[in-house]
1. Check off (1) within 16 Å of the ligand (Cβ to nearest atom); (2) open to solvent by 30 Å² or more (accessible area, probe 1.4 Å); (3) modelled with pLDDT of 95 or more for residue 8 and give me the number that stays unchecked.
2. What pairs come out if I take residues in segment 93-120 that are within 9 Å of the ligand (Cβ to nearest atom) and pair them with residues that are basic (Lys, Arg) whose C-beta lies under 8 Å away, six or more apart or interchain?
3. Does residue 160 count as assigned to a strand (DSSP E or B) and surrounded by 16 or more Cβ atoms within 10 Å (Cβ to Cβ)?
4. Checking residue 256 against (1) open to solvent by less than 50 Å² (accessible area, probe 1.4 Å); (2) β-branched (Val, Ile, Thr); (3) at pLDDT below 95: exactly one of these is not met. Which one?
5. Of the residues that make up segment 133-152, is at least one open to solvent by 10 Å² or more (accessible area, probe 1.4 Å), hydrophobic (A, V, I, L, M, F, W, C) and more than 12 Å from the ligand (Cβ to nearest atom)?
6. Conditions first: (1) in a strand (DSSP E or B); (2) farther than 23 Å from residue 152 by Cβ. Residue 120 passes all but one, so which condition is the exception?
7. Among (1) in contact (Cβ under 8 Å) with a residue 40 or more places away in the chain; (2) away from the ligand (no atom under 16 Å from the Cβ), which single condition is residue 43 missing?
8. Scan segment 30-45 for residues that are under 12 Å from residue 110 (Cβ atoms) and either open to solvent by 30 Å² or more (accessible area, probe 1.4 Å) or of a type in the set (A, V, I, L, M) (or both) and jot them down.
Amino acid sequence: MNNLLVDIKGGVARVTINRPQAHNALSKETNEELQELATELANNSDVRVVLLRGAGEKSFCAGADLKERKGVSAEETGPYVDAISGAIHAWARIPQPTIAVVNGYAFGGGMELAIACDIRIASDNAVFGLTEVKLGIMPGAGGTQRLPRLIGVAAAKELILLGKRIDAERALAIGLVSAVVPTAELDAAEERLLSDIAGCAPLSLRMAKEAIDRGVEVGVEEGLRIERACYERTLFSDDRNEGLAAFAEKRAPRFTGR
Ligand code: CO8
């Protein structure tokens, strides 16, 4: 891939948007690669968890590639915006847990990509913003839908309707990120999360994620039915038997994902 670095090892897929000269902005090709990769990762049963970050220390991702976009003709606009929204929605559909490691600016589509992930941690120099209203557009790749579900309607409206840029400390206060650490400690924070996740059964993680993601879209009764169906997928799994055996034998479980 020309714009992404991908390293898959020990069940962990580390993906880096590698356009530091453009603050990791989302060119059409980057979006196509992100979408293709999301599908590949979703179908890779060896991958237990996916990490996403931006190259360098300045930016996670500065959103749509505004320079490229300026040259896009009226006829090309449809496929162009489909590429960015398609990439971000594909990322949200990855069934394994996804973690955005926000190492700097996350603006526009970059912030939409971060909120399409399950967990976000940030460096203390991170800045978040859905800045689209300042550019004559509006968030169109999930920003108006995923952000209110994450942080509530009032806080989401404040950010979106003012095109406001907020720092990492405020992002933590409103629940947009779960941890903020100095840039130099970001790798260690990432490792702690990975180590926590390594102790969890992969199928349990997928099923719990599916129950949450589908459940928030429906009423509680329907949500409870979804939860039960997902629960039953874990109930008859090898990992459930392994979890019980490990508890009885006072040892760490060896989960296989089956
Ligand atoms: N696209 C392309 N190039 C960029 C972008 C970008 N988004 N951001 C920065 N760059 C480039 C600059 O043009 C500059 O290039 P050059 O060196 O050739 O002049 C280089 O990166 C360095 O940038 P700066 O000199 O500006 O660096 P600073 O450190 O001063 O500032 C910022 C960095 C804060 C990131 C600043 O560049 C900035 O504010 N960028 C714009 C951020 C923004 O508003 N993003 C939102 C874009 S809109 C969007 O994402 C909409 C998605 C909607 C999807 C809808 C689908 C249906």
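1. (1)
2. Matching pairs, first to second residue: 104/58; 105/58; 107/165; 112/146.
3. Working: assigned to a strand (DSSP E or B): no; surrounded by 16 or more Cβ atoms within 10 Å (Cβ to Cβ): yes.
Against the criterion (assigned to a strand (DSSP E or B) and surrounded by 16 or more Cβ atoms within 10 Å (Cβ to Cβ)), residue 160 does not qualify.
4. Failing condition for residue 256: (1).
5. Start the filter on segment 133-152 by keeping residues that are open to solvent by 10 Å² or more (accessible area, probe 1.4 Å), which leaves 133-138, 140, 142, 144-146, 148-152.
Those still in the list that are hydrophobic (A, V, I, L, M, F, W, C) too: 133, 135, 137-138, 150-151.
Now restrict to residues that are more than 12 Å from the ligand (Cβ to nearest atom): 150-151.
The answer is yes, given that some residue of segment 133-152 is open to solvent by 10 Å² or more (accessible area, probe 1.4 Å), hydrophobic (A, V, I, L, M, F, W, C) and more than 12 Å from the ligand (Cβ to nearest atom).
6. (2)
7. (1)
8. Result: 34, single match.
The values are calculated or read from the model by the stated rules, or taken from the named source; none is laboratory data. Because the structure is a prediction, the values reported are computed rather than measured. Virtual Cβ from ideal backbone geometry, glycine too; neighbours counted across all protein chains shown. To get the accessible areas, we keep the full protein, side chains included, count just its heavy atoms, and leave off ligands, DNA and RNA. Shrake-Rupley method; radii C 1.70, N 1.55, O 1.52, S 1.80 Å.
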